[in-house]
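What follows is a single structure, written as structure tokens, with notes after it.
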Amino acid sequence: MPNEYAETERPALETLRQLGWEVVDQNQTTWHDPRETVSSALLESHLRDAVERLNPWIDENNLNKAVREIQQVTGTSTMDENEQIHEKLVRHTSVEQDRGYGLKHQTVKYIDYENLENNDFFALNQFRVEGPVESIKPDIVLFVNGVPLGVVECKAPDIAEPLSESLEQLQRYQNERTESGTEGAEELFRYNQFSVATWYEGAVMGTYGTPKGQYKPWRDPYPVDDEYLAEHFDLESYVPDQYRMLYALFEPERLLDQLRHFTVFENKQSSQIKMVARYQQYRAVHKALERIEKRHQREAPGGVIWHTQGSGKSLTMLFLGLKLRREQPDPKLVLVTDRQALDTQIHATFERCGFPNPQKAEGIEDLREKLSSNAGETITTLIQKFQLQEDEEGDFPVLSRDDDIYVMVDEAHRTQYKHLANNMRTALPNGFYVGFTGTPIEKEERDTRRTFGNYIDTYTIDQSLEDDTTVEILYQGRLADMHLEGETLDTMFDRVFEGYTEEEKGEIKKRYARTQDLAEAESRIERITLDIIEHFEEDIARPFKGMVVTTSKRAAITYKEKLDEFNGPESRVVVSHDHNDPEDVKTWAPTKSELSDYKESFIDPEGEVELLVVCDMLLTGFDAPVAQVMYLDKPLKEHNLLQAIARVNRPFAEKNHGLIVDYYGVSNDLKEALAMFSADEVERAMVPLEDKGPELEAAHRKAVAFFDDLEETEACLQTLEPEDTRIEFNNAFKRFSKLMDIVLPNPMANPYKGDLERLSTIYGRAKERYRDDAMNLEGCGEKVRTLIQKHIRSSGIDILNDEPVSVMDSGEFDTKLDTLESDEARASEMQHAVKHELNIRYDEDPVHYGSLQERVEELIEKYKQQRLSDREVIEELRDVLDEMRSRDQAARAKGLDDTTELSFYHALEDILDAEERGIDEERLLELTGRLVSAVEEFATIVEWKQKVNVQQQIRKQVKIELYKDDLDLSTHERDELTNRVIELARAHYE
């Protein structure tokens, strides 16, 4: 792909060179592969040199041992091995050796983090690694001391779906696409720190195991800016995303910083996950460290990190802790929150991610003891434990005057302004305080700033939506006659209890005196439950799930009972234990074990639990990306409302939005909540579903504008023949489909449903006609994608097969041609089918299929210029087809055994320029037979493609055969022919 190389890959290599990497471009120069086998991804010679250079005292035995420790790590999975290798790279290893003071354990470094110049930074393109079945050849691999830490996949910026195609490639490399997991080479990813997809104008990053939907951009190269990058890379003022990404991840000092301080592993649901920092986390940590360095220059020695809900706040705390542990002599870290669930969550996150021995304060006395000690511990605690005991009077005691105490307060907008916070400040007067919050500071509220200092870093709702870190939350008021908003209790009461006599109503009113009581009336909950079931089953497509939020534990239990009574979705009720609860409420409160099972089943897309019914629990800190809808029947306000609705804003595959279905009437509360903050900070916190109407109308208008008449399918297909037009239509159709997924089944979608079906037919036929893999339904949304696929199938278009009908299957292909309605349609189908087949088969015989490609291109050009009619181009293409289908006969006519030998014959004929040199056919046939025999002698060796030494033997034998013939070849011709033979061998022999 010349465009891909010229427009993306080569500029990326040059960028890396400017960043200080040694770069080898295999398109420009020959690289001697030092590996013994191409199934290895480690450059052992580079690693050996580095270990010896960084540890000059090491003897030969221990050098071999240290190298083997990285090479031969074994684990339960590739991810497990990745974690083990990361641990060795960051924490080093040890060997026993006598350095003049007896046999002792000596630390062996693999990387010198303090002196960058002591390390070897090497980047190479087109680095082949053999997997169990197929080989992979990533565009760029980046090695630090021979260890492949980076993989970069490049795509041309002008193709239809550069993001989708590059991520698909990375998934293939990692064996993440298929159940068999045999199409890639996981060996390369045992070491991987960063995987990058780039198309010059855009770039996203992840690490090994990152799902496609969670690769993210790097918007900010902090502490430098775009002006610095433009000057550094000699650009105009505009800085394409590729430069920003490569600088942010692979500037050598930053790469080692991220490897060491911004990478953690966590066990979730019986599997390991590797997590690396996003740009807002990396930036916030470094800004906090800068604030710490200047702590004595500020009135309030601390600050607030506001990163919107769902953007990884707990991880930011963790990364800051890791960095402080490394850069401060012996820091004490105190992690404070105000809720037991959050305290447990943060402690568990630190513990699971391998943070050194976090201690949980078990009580008031235990907390005081831990804070009074001098050891550099990490302590998690509730703010409530900063209180005087019953027998104490006066001020809270000072527990430590050390200034190497760093207090991180989660959800800093709550409880931090009152006496408990004052007690904490009294206990640790010289501590450095960082407040973390998922909601912005109120615009009129100055207490947070007085308590902690101004913002250290902000990551707003709009920014997270732009980065796809979160999804948009839509709001839908439902069952308006049940809303409590703007209604008197009498009116509401009469609606709910309309079937009762006045005397009965009087008795009921005595019992239901409050709005909440009325909201919890069984008849009301019964009607809402029926509506929830109908909405969930019709509107929320599996695998998505939902939460029902209620006013009280009693209401939650009633909802659960009604869901079961009406055979609703599988649900669980989650309410807290309280000694004062009535016995019938206590029986519903899950144990710790049951709660863990409920959450795990809910979070798992395949888990049986579809709805969680809650009151207060799980409304903060509960991360379930699969949750798409929240049925809200509770009067939440201010920060609590913003936190609760964020349960549905986590991204998940095919999840285009989160949805709040409001049964209580919180719209006024929402307006009040949003009014507390600056408009630009919360503008898109929650968007009314009705606001999507104009967007849908505009997207529909753009999608249909490509065509004059949607009923004329063939004319529409001809419109989409130019690739650039197909790219534009592909994007417009997906945008329209995505909005239809969001809006359906709301009646505002009805005017567009017919056109969605018609456009689906055109889309499906265009994908089939033009063999365009870039046209896929990825990202359209599960609901609409299912609808589209069903319609396409019913229209007789099978676009779901891996390959369309092959032109080599004469019977089936000719039958298909007969079903087309015109010669114009048949000509179009044939030219694209033939081009597709030639591309697939090209590597089997580049000479033959290459000449046919040129011939087909000439035919198509003549056809476009109307120098050939529909019928004439069909006949010409049939001649090409006949030639493709008759290769067996062509081989036998020359006395060759099969088409494999024919491919070798064509290569010899082409490179030797047989006619010009006067080499007759008999001599060529003899040489072909000898070369094929030489290849077959070695190609029968098991996994020969993965063994460099076997390939070297093939090369040697091929050159011997060429010398035997005394063909008077130049060194270049001999090398070219040898390389061609190897490539043909790869194409024909397993």
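No lab work stands behind these numbers, since they all come straight from the coordinates. Just so it is clear, the structure is predicted and the values come from calculations on it, not from any experiment. Note that each Cβ is placed from the backbone with ideal geometry, even for glycine, and that neighbours are counted across all protein chains shown.
Table for the structure above
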item	result
Ellipticity estimate at 222 nm from DSSP helix runs (n ≥ 4, -39,500 (n - 2.57)) divided over the chain, nearest 500	-14500 deg cm²/dmol
Loop-located GluC sites (Glu not before Pro) in the stretch 539-606, at most 10 other Cβ atoms within 10 Å (DSSP)	E606
Where labels lie 7 Å past Cα in the beta-carbon direction, separation of K964 and S822 in nm	6.0
Within the chain: Cβ-based charge dipole about Cα centre, in debye rounded to nearest 20 (Lys, Arg +1; Asp, Glu -1)	3500
Contact order relative to length of the stretch 810-885, as percent, for alpha carbon pairs under 8 angstrom and 6 or more apart	33
Leading residue at positive end of dipole, the chain (Cβ point charges), from F319, W588, I364	I364
Ascending count of other beta-carbon atoms within 10 Å, so fewest first, for F706, F544, F602	F706, F544, F602
Residue pairs, from the table K155/K783; K545/K637; K104/K287; K287/K553; K268/K586, whose Cα atoms sit over 32 Å apart	K104/K287; K287/K553
Charged-residue dipole, Cβ positions (Lys, Arg, Asp, Glu), the stretch 900-988 about Cα centre, Debye nearest 20	720
Whole-number percent relative contact order across the chain, with pairs defined as alpha carbons under 8 Å at least 6 apart	8
For the chain, with +1 on Lys and Arg beta carbons and -1 on Asp and Glu, the positive-most of I742, V304, I792 along the dipole	V304
Listed residues S164, L927, I960: farthest to the positive end of the dipole of the chain (Cβ charges)	S164
Residues E883 and T458, FRET efficiency given R0 of 45 Å [Cβ-Cβ distance, rounded to 0.05]	0.10
Scaled radius of gyration (Cα, divided by 2.2 N^0.38 Å) that the chain gives	1.10
Centroid-to-centroid separation of the stretch 182-200 and the stretch 715-764 [C-alpha atoms, Å]	34
Between the stretch 77-117 and the stretch 526-588, the Cα center-to-center distance that results, in Å	53
Distance in nm between pseudo-label sites at K65 and W31 (7 Å out along the Cβ direction from Cα)	3.3
Set of aspartates and glutamates with alpha-carbon distance to K599 below 14 Å, sequence-local pairs under 8 removed	E570, E608, E610, D623
Point-charge dipole on Cβ atoms (K/R +1, D/E -1) for the stretch 810-885, about Cα centre, debye to 20	160
H579, H419 arranged by Cβ crowding within 10 Å, fewest neighbours leading	H579, H419
Cross-link reach list, lysines versus K956, counting only Cα pairs under 25 Å and skipping chain neighbours closer than eight places	K137, K945, K947, K964
Residues Y631, Y849 arranged by fewest to most Cβ contacts within 10 Å	Y849, Y631
Distance in nm between pseudo-label sites at R955 and E504 (7 Å out along the Cβ direction from Cα)	9.3
